[in-house]
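The values are calculated or read from the model by the stated rules, or taken from the named source; none is laboratory data. What you are looking at is a predicted structure, and each value in this text was computed from that prediction instead of being measured. Cβ atoms come from the backbone with ideal geometry, glycine included; neighbour counts cover every protein chain shown.
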There are 2 protein chains.
Amino acid sequence: MSVADRRANFTKIAHRLIYEKGYKATTMRDIAQNMGCDVANIYNYTKSKESILEQSLFDTSAIFHEGIKKLMRNELTPKEKLIEIIKLHVTISYERPYQAAFLIDEWRHLSNEKLNLFLKERHQYESWIFDIFNTGIMSNDFRIIDPKIASITFLSSIRWVHNQFVNGSSPKQRIELEVHLTNCIIGGYCS
Amino acid sequence: MSVADRRANFTKIAHRLIYEKGYKATTMRDIAQNMGCDVANIYNYTKSKESILEQSLFDTSAIFHEGIKKLMRNELTPKEKLIEIIKLHVTISYERPYQAAFLIDEWRHLSNEKLNLFLKERHQYESWIFDIFNTGIMSNDFRIIDPKIASITFLSSIRWVHNQFVNGSSPKQRIELEVHLTNCIIGGYCS
DNA sequence: GATTTACATCAACAATTGTTGATGTAAAAT
DNA sequence: ATTTTACATCAACAATTGTTGATGTAAATC
C-alpha cells in the first residue's frame, strides 16, 4: 500500500463513519478503531477532526460549482439546464455519496468563519437555480408558479439522491434514477 | 403561566435547539440556559436527554400512521391517495416542523431497542406508500416505472417540507406549497 | 392549616471528548 | 549511509458531557 492509498483509506473510513453516525457522534477513537490503530495516530492523517469535515465540504462544493458554471455558459434552454443539473447531482452523488450527504446534513458543524463561507457558496448555487426558473417561467418554458418555491422543491427532490448510492449501486440503477428524475421534473415544472 | 404551559415551553425550547444544532450538539446546559434556569432543573421536565427525542419521534410517528391508516381505508384511487398523503405531510410539517425534521435527521441517535422499534414503524409506513405505487402502476393510473424508485422519490420530495415552516409561514404559503407539490406529483408520476 | 406537588440552586460524580508531547521504528529520499 | 518522512504507541491534559443527591422554597391540593 502506497502513501496515497493509506491516506485515501483513512478518508474513506472517516467519511463512512461520519455518514453512518453523524459528525458529532463520530469520535476520533471511533475512526482509530476502524483503522486498527491508536487514537493519536489519526493525527498523522489529519490536522484536526473539523478539518476532515471542512475539506470534504469545500472540495465537494467546488465540484458542484464547477459543474453548474460550465452548463450556465452553454446556450441551453431552461429545461435543458435543469436536466443537466440533475445529471450533475446524480453523477456527484454516485461518485461520492458520503460527501454529497455532508453538504446537506453536516455543514452546520463547521466553526463560525468556515460556516459563513460555506453558506455563501451555497447561497450562490441556489441563486443560479433560482435564475433558471425565473427565466424559464417568464419565457413560458415552465408552468406559472412562484420561482422561489419551484427552485426549492427542485433542489429538494435531487438532494436525497446520495441515499441510493451509499451501499453501492449498479450503473443500471443509476441510469434508471436519472431518467425517472428527469421525467418528474419535466412533468412537474414544464408547460 | 400554568403547569401545562411551562412544560409546553420547555418542550418548545428543547425542540428548537435540537433542530438548530442537532441532537448530539445540543447539551442539557444549552437548554437550561435558554430556559433561564439551572441544568439540574431540566430534570424536573424530562427524565433524560434521550427521552426528549424519543417522545417526539414516537408521538409524531404515531400521527403519521393514524393519518395514512385513515386514508388507506377510504375508497380512493391511487392518485387521490397520493394527494391525501401530500396533504398529510404538509399539515404535520406545518403544525410541528421541528418534530417532522427529527423523523428525518435525528432518529439515528435513539438507543438500540428504541431504534429498532422506530425503524420498524418507518418501514411499515414506507410499505404503504410502495403498495400505492404498485397498485397504481398495475392499474395504469401511473406511468410505467419501478415502484420502488417511485415510492422513494415520492417520499423524498415531500420529506423536506418542514424546512419551509420552521421560521413561521403564512397559511397562504402553505396552500401554495401544497398545490405545487400536488402538481409535481401528478405531472411526474401519473399517466 | 397541612401536605403534596412543582420548581429552583449548588456542588459534585464518572465518563467521554479532542488534542498534545515524548518516544520509538520502518521506509523513502538524499 | 544518513537524513528525512511516515507511521505507530503510550500516557496524560483540560474541557465538556449527562446525571444525581442534598437542600430549599413557592404554589397547588387536600
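Search the stretch A:164-179 for residues being in a loop (DSSP other than H, G, I, E, B) and polar (S, T, N, Q), and hand back the single one that is farthest from A:I83 (Cα to Cα). If we take residues in the stretch A:164-179 being in a loop (DSSP other than H, G, I, E, B) and polar (S, T, N, Q), then A:N167 is farthest from A:I83 (Cα to Cα). In the stretch B:125-144, the residues that are closer than 17 Å to B:L71 by Cβ and charged (D, E, K, R) reach residues that are modelled with pLDDT under 95 and not in a helix (DSSP H, G or I) with C-beta atoms within less than 9 angstrom, at least six apart or across chains, in these pairs: B:D141/B:C190; B:D141/B:S191. Of all residues in the stretch B:13-34 being within 9 Å of DNA strand D (Cβ to nearest atom) and among the basic types (K, R), which is farthest from the chain's Cα centre (by Cα)? By that ranking, first place goes to B:R29.
Per the listing A:L117, A:L88, A:L82, A:L103, the residue uniquely over 15 Å from the mean Cα position of the chain (by Cα), in a helix (DSSP H, G or I) and buried (at least 17 other Cβ atoms within 10 Å of the Cβ) is A:L82.
Among the residues of the stretch A:120-157, write down those that are within 15 Å of the chain's Cα centre (by Cα) and of a type in the set (D, E). Listed by number, the residues that qualify are A:E121, A:E126.
Of all residues in the stretch B:64-78, those that are farther than 18 Å from B:F118 by Cβ, basic (K, R) and surrounded by 10 or more Cβ atoms within 10 Å (Cβ to Cβ) total 1. Screening A:E75 on (1) more than 16 Å from DNA strand C (Cβ to nearest atom); (2) modelled with pLDDT of 95 or more shows it passes everything except condition (2).
Can you find even one residue in the stretch B:168-187 that is among the small types (G, A, S), modelled with pLDDT under 95 and closer than 21 Å to A:W160 by Cβ? Looking through the stretch B:168-187, at least one residue is among the small types (G, A, S), modelled with pLDDT under 95 and closer than 21 Å to A:W160 by Cβ. Looking across the stretch A:134-147, the residues that are within 12 Å of chain B (Cβ to nearest Cβ) and modelled with pLDDT of 90 or more come down to A:F142, A:P147. Contact annotation: residue pairs with Cβ atoms under 8 Å, 6 or more positions apart or on different chains, pairing a residue in the stretch A:145-168 that is touching a residue at least 12 places away in the same chain (Cβ under 8 Å) with a partner that is surrounded by 18 or more Cβ atoms within 10 Å (Cβ to Cβ) and assigned to a loop (DSSP other than H, G, I, E, B), are A:R159/B:W160.
The set of residues from the stretch B:157-190 being of a type in the set (F, W, Y) and either surrounded by fewer than 16 Cβ atoms within 10 Å (Cβ to Cβ) or more than 21 Å from B:Q99 (Cβ to Cβ) (or both) comprises just one member, B:Y189.
Applying a threshold of 7 Å to beta carbon distances and a minimum spacing of six or more residues, or different chains, the list of pairs starting in the stretch A:23-48 at a residue that is within 14 Å of chain B (Cβ to nearest Cβ) and ending at one that is within 12 Å of DNA strand D (Cβ to nearest atom) and not in a helix (DSSP H, G or I) reads A:K24/B:G22; A:K24/B:K24; A:K24/B:A25; A:A25/B:K24.
Residue-by-condition table, conditions (1) within 16 Å of DNA strand D (Cβ to nearest atom); (2) in the same structural domain as B:S157 (by TED's automatic domain parsing); (3) of a type in the set (A, V, I, L, M):
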{"site": "B:G36", "(1), (2), (3)": "yes, no, no"}
{"site": "B:E54", "(1), (2), (3)": "yes, yes, no"}
{"site": "B:I63", "(1), (2), (3)": "no, yes, yes"}
{"site": "B:G67", "(1), (2), (3)": "no, yes, no"}
{"site": "B:L88", "(1), (2), (3)": "no, yes, yes"}
{"site": "B:Y94", "(1), (2), (3)": "no, yes, no"}
{"site": "B:N116", "(1), (2), (3)": "no, yes, no"}
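If you go through the stretch A:125-156 and keep only what is more than 18 Å from B:W160 (Cβ to Cβ) and crowded, with 19+ Cβ neighbours inside 10 Å, you end up with A:I132, A:G136, A:I137, A:D141, A:F142. For first residues located in the stretch B:96-123 and touching a residue at least 24 places away in the same chain (Cβ under 8 Å), partners that are part of a loop (DSSP other than H, G, I, E, B) and surrounded by 14 or more Cβ atoms within 10 Å (Cβ to Cβ) and lie 6+ apart or on another chain with Cβ distances below 6 Å form the pairs B:P97/B:F165; B:P97/B:V166; B:E106/B:Y23; B:H109/B:Y23; B:F118/B:L110.
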